[in-house]
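The values are calculated or read from the model by the stated rules, or taken from the named source; none is laboratory data. These numbers come from a predicted model, not from an experiment. As a convention, Cβ positions derive from the backbone with ideal geometry for all residues, glycine included, and neighbour counts pool all protein chains shown.
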Amino acid sequence: MSESIFKNPAIIGYLVKKLHEAYPDKQIGKTLVQKMIYFLTRERIVNFNYSMYHYGPYSADVTSELNFAENSGLIDIKWVDGAGYFAEATPGLKKLEGLIQDSEKSAIDKLIGRFGSFSTVDLSLLATAYFMKDNFGTPNEKLADVIHNLKPRYSTSYIRGVLEKGGITSRR
């Protein structure tokens, strides 16, 4: 039996909904969703191809699925000048949540518990670290320097702190 074309948009909608429930005052934008879906891809909950981009790992397919989720009435995305994108789940999500397996919901809930409190910038740094480890074998002790070279606006000490807080590296 083939999987529904609405499965990935439902997962995105569920992620947005659960993020809002856990962090009602947090801005849930497109970049934040990209990074959280990247982490779900690493966990093999979803399957998207990512490449390195200015804000860390990026998938054009995730952008397409985000647009599909919005066009299907599962999420609403608004642009606010000076603030960026804001995504919210809509009541239309309820009818498709059944497409998501309990194990997938559990993985999303666990992911939100681990990374939901991080800012979008910090999620971008964490996702970049994992991308560098997974795709280039960058050792933990070199991650902060490599990321600083990719993103020089963030100091090595700031990056190191984010990597420690995210559980990627430990304090020396």
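Please go through region 3-18 and pick out each residue that is surrounded by 16 or more Cβ atoms within 10 Å (Cβ to Cβ) and in a loop (DSSP other than H, G, I, E, B).
Once the filter is applied, which keeps residues that are surrounded by 16 or more Cβ atoms within 10 Å (Cβ to Cβ) and in a loop (DSSP other than H, G, I, E, B), region 3-18 yields only Phe6.
Restricting region 141-163 to residues that are closer than 20 Å to Arg42 by Cβ and at pLDDT 95 or above, which is surrounded by the most Cβ atoms within 10 Å (Cβ to Cβ)?
Ile147
Per-residue answers, yes or no, for (1) closer than 11 Å to Tyr14 by Cβ; (2) in contact with a strand residue (DSSP E or B) (Cβ under 8 Å, 6 or more places away or on another chain):
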{"site": "Lys94", "(1), (2)": "yes, no"}
{"site": "Ile108", "(1), (2)": "yes, no"}
{"site": "Gly113", "(1), (2)": "no, no"}
{"site": "Ser117", "(1), (2)": "no, no"}
{"site": "Val121", "(1), (2)": "no, no"}
{"site": "Ala127", "(1), (2)": "no, yes"}
{"site": "Phe136", "(1), (2)": "no, no"}
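Quickly run through region 50-83 and pick out the residues that are over 18 Å from Ile37 (Cα atoms) and either in contact with a helix residue (DSSP H, G or I) (Cβ under 8 Å, 6 or more places away or on another chain) or outside the structural domain of Ile37 (by TED's automatic domain parsing) (or both).
Scanning region 50-83 gives Ser72, Gly73.
Within 25 Å of Asp25 (Cα to Cα) and of a type in the set (Phe, Trp, Tyr): does that describe Tyr130?
no
Please enumerate the residues belonging to region 87-109 that are within 17 Å of the chain's Cα centre (by Cα) and buried (at least 17 other Cβ atoms within 10 Å of the Cβ).
Correct list: Ala87, Ala89, Glu104, Ala107, Ile108.
Looking only at region 125-172, how many residues end up being part of a helix (DSSP H, G or I), in contact with a Leu (Cβ under 9 Å, 6 or more places away or on another chain) and under 15 Å from Tyr55 (Cβ atoms)?
Of the residues in region 125-172, 8 are part of a helix (DSSP H, G or I), in contact with a Leu (Cβ under 9 Å, 6 or more places away or on another chain) and under 15 Å from Tyr55 (Cβ atoms).
Of all residues in region 39-59, how many are among the hydroxyl-bearing types (Ser, Thr, Tyr) and either within 13 Å of Ile11 (Cβ to Cβ) or at pLDDT below 95 (or both)?
Of the residues in region 39-59, 3 are among the hydroxyl-bearing types (Ser, Thr, Tyr) and either within 13 Å of Ile11 (Cβ to Cβ) or at pLDDT below 95 (or both).
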